[in-house]
Amino acid sequence: MSLDGYLDNATDERLLLSNEADFDRVDEVRSRSDAILVGAATVRNDNPALLVRSERRRRRRLAAGLPSSPLKVTLTAGGDLDPCGRFFTRGDREKLVYCPTSTVETAGARLQTVATIVDGGPRVRLGEVSEDLYDRGVRRLMVEGGGTVHTQFLTENLVDELHLVVAPFFVGDSRARRFVGDGRFPWCAEHRARLVETRPIGDVVLLRYALSDRFETS
């Protein structure tokens, strides 16, 4: 995020907050995950591929009997996602789309050839999504955003570990997307998050927090 807490600017042009060294760090985290989850707005706005970029890391996964990249997961309320986007067309792993029952038919008509549509019930609940992913073999889920998804996972106390990278500039536009929105977060003035690592990475800084007793030091 920027120094003033934004994930992007308010224009159609994508804002790069990080640098190549940190992108490589993120690639390492991806390579050690079973699945990557992003919200529908991130799929639409950023058009992410969400693949492990490093050939060495892909080989390491394959040698361990794993697919070259993690499973890709998104959540959508309306099903208005582009089946030609890189989320769906890049990589040979299954893509999961969780949506409410009222959207299953619409999402299926648009995406059934490129993804598995999962009926999330009347309202998609992240705790139930997490349980369903566990049943599908996911033990380490990496949540990459955006702000709405961050807010939901954090306020529902479903996060074990937070990696927050701060870029050395301001956005200064309240129309831009923030790291999180309003909500009742478990971590507050009376219950502070535990900082476990601070690391400069070029001109950005990584702040790593342990948010549950499931946190692993590795």
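The values are calculated or read from the model by the stated rules, or taken from the named source; none is laboratory data. None of the values given here were measured: they were computed from a predicted structure. Quick reminder, even Gly has a Cβ in these numbers, built from the backbone with ideal geometry, and neighbours come from all protein chains shown. Remember, those area values only see protein heavy atoms, side chains included, never the ligands or the DNA or RNA. Shrake-Rupley method; radii C 1.70, N 1.55, O 1.52, S 1.80 Å.
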From phi via Karplus (6.51, -1.76, 1.60), per-residue ³J(HN,Hα) for the range 53-60 in Hz, x at Gly/Pro: 7, 6, 4, 4, 5, 5, 5, 4
Name the residues whose placed amide hydrogens come within less than 5 Å of the amide hydrogen of R177, ignoring near sequence neighbours (fewer than 5 apart) on the same chain. L7, D8
For the range 163-173, in residue order, the Karplus 3J(HN,Hα) values (coefficients 6.51, -1.76, 1.60; θ = phi - 60°; whole Hz; Gly and Pro = x) are 9, 10, 10, 9, 8, x, 7, 9, 8, x, 9
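For the chain, with every protein chain kept in place, what is the accessible area per residue (1.4 Å probe, Å²)?
Values: 12070 Å² over 218 residues.
On a per-residue basis, 55 Å².
Over all alpha-carbon pairs in the range 1-116, figure out the percentage whose distance exceeds 21 Å. Please list the in-between numbers first.
Working: 2973 of 6670 pairs.
Tail of P(r) above 21 Å: 45 percent of Cα pairs.
Report, for the chain, the % of DSSP beta bridges that are antiparallel, rounded to 5.
Working: 15 of 32 bridges.
Antiparallel: roughly 45 percent of the beta bridges in the chain.
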Calculate, in nm to one decimal, what H163 and T11 gain on full extension: separation in residues at 0.36 nm each, minus their alpha carbon distance. 52.2 nm
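For every other residue with a beta carbon closer than 13 angstrom to the beta carbon of K95, add +1 if it is Lys or Arg and -1 if Asp or Glu, then tell me the sum. Kindly include the intermediate steps, with their values, before the conclusion.
On the way: positive: K72, R86, R90, R93, R110, R136; negative: D82, D92, E94.
It works out to a net charge of +3.
Report, in cubic angstrom per residue, the convex hull volume of the C-alpha atoms of the range 152-218. Before the final figure, lay out the partial values.
On the way: hull volume 7.6 nm³, N = 67.
Per-residue hull volume (Cα only) is 114 Å³.
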So who's got an amide H within less than 5 Å of the one on V165, skipping anything under 5 residues away but keeping other chains? H placed 1.01 Å off N, in plane. L207
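Would you work out the charge dipole size for the range 49-187 about its Cα centre, treating the Cβ of every Lys and Arg as +1 and the Cβ of every Asp and Glu as -1, and quote it to the nearest 20 debye? All intermediate terms of the calculation are to be shown ahead of the outcome.
On the way: 22 positive and 17 negative charges, 163 e Å.
For the range 49-187, the charge dipole is close to 780 debye.
Which FRET efficiency value, to the nearest 0.05, is calculated for R214 and T101 with the Förster distance at 25 angstrom and r the Cβ-Cβ distance? Each step should come with its number before you reach the end.
Numbers: r = 31 Å, r/R0 = 1.22.
Rounded to the nearest 0.05, the efficiency is 0.25.
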Under 16 Å from a point 7 Å along the Cα-to-Cβ line of H191: which residues of the range 197-218 have their amide N that close? 210-215
Amide hydrogen neighbours beyond the local backbone of K95, cut-off 5 Å, H modeled: T116
Starting at the first residue of the range 70-75, write each ³J(HN,Hα) from the Karplus equation 6.51 cos²θ - 1.76 cosθ + 1.60 with θ = phi - 60°, in whole Hz, x for Gly and Pro. x, 4, 10, 9, 9, 10
Tally up the carbon and sulfur contribution to the accessible surface of the chain as a whole percent, 1.4 Å probe, everything protein left in place. 49 percent
Below 8 Å between Cα atoms, with a sequence gap of 6+, how large is the relative contact order for the range 7-78 in percent? 35 percent
With every atom except the alpha carbons ignored, what do you get for Rg and Dmax of the chain, in angstroms? 17.3, 49
